[in-house]
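Report on the following structure.
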Amino acid sequence: MRIHYWKRNAALLLACASVAMTAGCGGADKGQSGQAAADPAAGASKSIDTSPVTLTLFLDMTFGPEDNVNKLIIEPVKKKYPHIMLEVIKRAKGSMLTDLVAQGKTPDLIYNWSGELPAYKELDLLYDLTPLAKTAQVDLNRFDPATLESIRLASGGTALHALPFEVSGLAMFYNKDLFDKFGVAYPKDGMTWDQTVELGKKLSRVEDGKPYRGLSADVVDRLAQSLSLTSLDGKSERASVNNDGWKKIFDLAKTIWSLPNNKPEKLNDTGQKTFLIDKTLALAPTNNILYGSAQYLHPSTGLNWDVVQYPSFKEQPNVFGYVITHVFAITKTSKHKEQAMQVLDVLTSPDVQRTSVRWQARLTPLKDPELQKQLGADVDYLKDKHLTAFLMSKPSAPVVYSRYEGTATGITRKKFAEYFDGKDVNTALREAEEEINAEIAKLKQK
């Protein structure tokens, strides 16, 4: 599915392309060649072409409803650089990234989460953005250093292959009506997992024939993020689950789901449906669902909720999962890398990030503490919510991802289910290790 946002403004775009890049549509005078003169005062290292150009942007994960794409991507770019036209391609059957590459239609820009960068590296699509940042005068110091480090590590090296647009934070949502119904005090910031389990016990019950679950464990790999655990070592691409860390995660998840009346219909369930739609889950420690699930969090649904700090392990208080970013990458094959970098500069600018934070309640990768505190400020029903809970924890150590992490995670989840159903934990983890290594070996031979 291709969406053209620029056709109706073609005349304006062509007109703007003929003027300078610092006024109205763009700035300094340019000659017949279409090259804008470098601005010595701005310290530009070279000129960047301001001729009309069309860039393709592939959304390899959902960006939200159409108004999200327009307000946070299309409109800001068109305002700052009228000569740059964006053609958005959404992930769909027949238009997956591999399809586009095979058809010789590799996009200029890709949006996804940082954990997919190893897969793009395998396709030889990644490009180091550091030189482009200098050319386009993109100040990388505006980002939280942890977000840039997570991107570098995600692709297994020191090169910066993408810029962060959003950080996926963690917090614990809770249903206030269920706490009131059962006369239990609301959760607090700074709780350990042990304290959270004890609280969950008080809310897991059957009332008038209706079951209520006290606490979700989310998926086991989400729990594991707090200990910087992955199923696969990103450097060696060998399994990394047969260890004390994963044993601790398996034990905690089993403890949570073994509480009386607390087992979900399906293991490794995030609990979000039970919390948001069924309204029968009291505590839901999970990722930021403020914008992705806004239709369920709206007061009109009758869900009376709030949020507190994500639980932590007692030996590392106030630590949540490792940094996960949603990123924009420029492909190695793009013929318009400098213009693509200008697009990334706009999308990660303080102005666009302010809209993202205030209007969409997305967590920003920028290190500006005042901007971070404005989370959801333009959403009326969020104004009385304790959203600073998302900002109270520090991330665990960053990890290196493998392109096979998703495959390994599937095996880890399967082995957790077997452990929950009675298999010895040491056996389950040993088998997980063996099966992961065997499966990865097969994939590498293809």
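The values are calculated or read from the model by the stated rules, or taken from the named source; none is laboratory data. These figures come from a predicted structure and were not determined experimentally. With ideal geometry, Cβ positions are generated from the backbone for all residues, glycine too; neighbour counts draw on all protein chains shown.
Overview of values
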| read-out | value |
| --- | --- |
| The stretch 385-412, residues that are out of contact with any Lys or Arg (no Cβ under 6 Å at 6 or more places or on another chain) and among the hydrophobic types (A, V, I, L, M, F, W, C) | Leu387, Ala389, Phe390, Leu391, Met392, Ala397, Val399, Ala408, Ile411 |
| Subset of the stretch 305-353 [of a type in the set (S, T, N, Q) and closer than 17 Å to Val77 by Cβ] | Ser334, Gln339, Gln342, Thr348, Ser349, Gln353 |
| Residue match in the stretch 403-415 (condition: touching a Leu at 6+ places or on another chain (Cβ under 9 Å), buried (at least 16 other Cβ atoms within 10 Å of the Cβ), closer than 18 Å to Leu223 by Cα and aromatic (Phe, Trp, Tyr)) | no |
| Pairs where the first residue, in the stretch 274-294, is without any contact (Cβ under 8 Å) to a residue 24 or more places away in the chain and the second is hydroxyl-bearing (Ser, Thr, Tyr) and surrounded by fewer than 20 Cβ atoms within 10 Å (Cβ to Cβ), C-beta under 7 Å, 6+ apart | Ile277/Tyr296 |
| Matching entry among Gly200, Gly234, Gly214 (being small (Gly, Ala, Ser) and assigned to a strand (DSSP E or B)) | Gly214 |
| Yes/no for Ser402 being within 25 Å of the chain's Cα centre (by Cα) and closer than 28 Å to Ser258 by Cα | no |
| Residue match in the stretch 392-406 (condition: among the aliphatic types (A, V, I, L, M), in contact with a strand residue (DSSP E or B) (Cβ under 9 Å, 6 or more places away or on another chain), more than 12 Å from Phe250 (Cα to Cα) and part of a helix (DSSP H, G or I)) | no |
| Residue check for Thr196: without any contact (Cβ under 8 Å) to a residue 60 or more places away in the chain and under 28 Å from the mean Cα position of the chain (by Cα) | no |
| Residue match in the stretch 281-297 (condition: part of a loop (DSSP other than H, G, I, E, B), touching a Leu at 6+ places or on another chain (Cβ under 8 Å) and aliphatic (A, V, I, L, M)) | yes |
| Residue, surrounded by the fewest Cβ atoms within 10 Å (Cβ to Cβ), within the stretch 322-346, restricted to residues that are under 15 Å from the mean Cα position of the chain (by Cα) and closer than 16 Å to His161 by Cβ | His326 |
| Residue check, Lys444 modelled with pLDDT of 95 or more and either over 21 Å from the mean Cα position of the chain (by Cα) or outside any helix (DSSP H, G or I) (or both) | no |
| Cβ pairs under 8 Å, 6+ apart, first in the stretch 204-216 and among the β-branched types (Val, Ile, Thr), second assigned to a strand (DSSP E or B) | Val206/Tyr212 |
| Yes/no for Ser396 being buried (at least 21 other Cβ atoms within 10 Å of the Cβ) and under 18 Å from the mean Cα position of the chain (by Cα) | no |
| In the stretch 131-167, residue modelled with the lowest pLDDT [restricted to those that are surrounded by fewer than 16 Cβ atoms within 10 Å (Cβ to Cβ) and assigned to a loop (DSSP other than H, G, I, E, B)] | Gly157 |
| Among (1) under 20 Å from Thr147 (Cβ atoms); (2) surrounded by fewer than 18 Cβ atoms within 10 Å (Cβ to Cβ) - the single one Asp380 does not satisfy | (1) |
| Residue under evaluation Ala389, criteria (1) part of a loop (DSSP other than H, G, I, E, B); (2) within 19 Å of Ser168 (Cα to Cα); (3) of a type in the set (Gly, Ala, Ser), criterion not met | (1) |
| Residue ID - surrounded by the most Cβ atoms within 10 Å (Cβ to Cβ), chosen from residues in the stretch 215-261 that are under 19 Å from Asn287 (Cα atoms) and among the hydroxyl-bearing types (Ser, Thr, Tyr) | Ser216 |
| Residue, farthest from the chain's Cα centre (by Cα), within the stretch 97-119, restricted to residues that are more than 21 Å from Arg222 (Cα to Cα) and assigned to a strand (DSSP E or B) | Leu109 |
| Whichever residue in the stretch 120-130 is part of a helix (DSSP H, G or I) and hydroxyl-bearing (Ser, Thr, Tyr) and, among such residues, is surrounded by the most Cβ atoms within 10 Å (Cβ to Cβ) | Tyr120 |
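Conditions (1) closer than 14 Å to Leu163 by Cβ; (2) touching a residue at least 40 places away in the same chain (Cβ under 8 Å), marked per residue:
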{"site": "Ser95", "(1), (2)": "no, yes"}
{"site": "Gln103", "(1), (2)": "no, no"}
{"site": "Trp113", "(1), (2)": "yes, yes"}
{"site": "Pro118", "(1), (2)": "no, yes"}
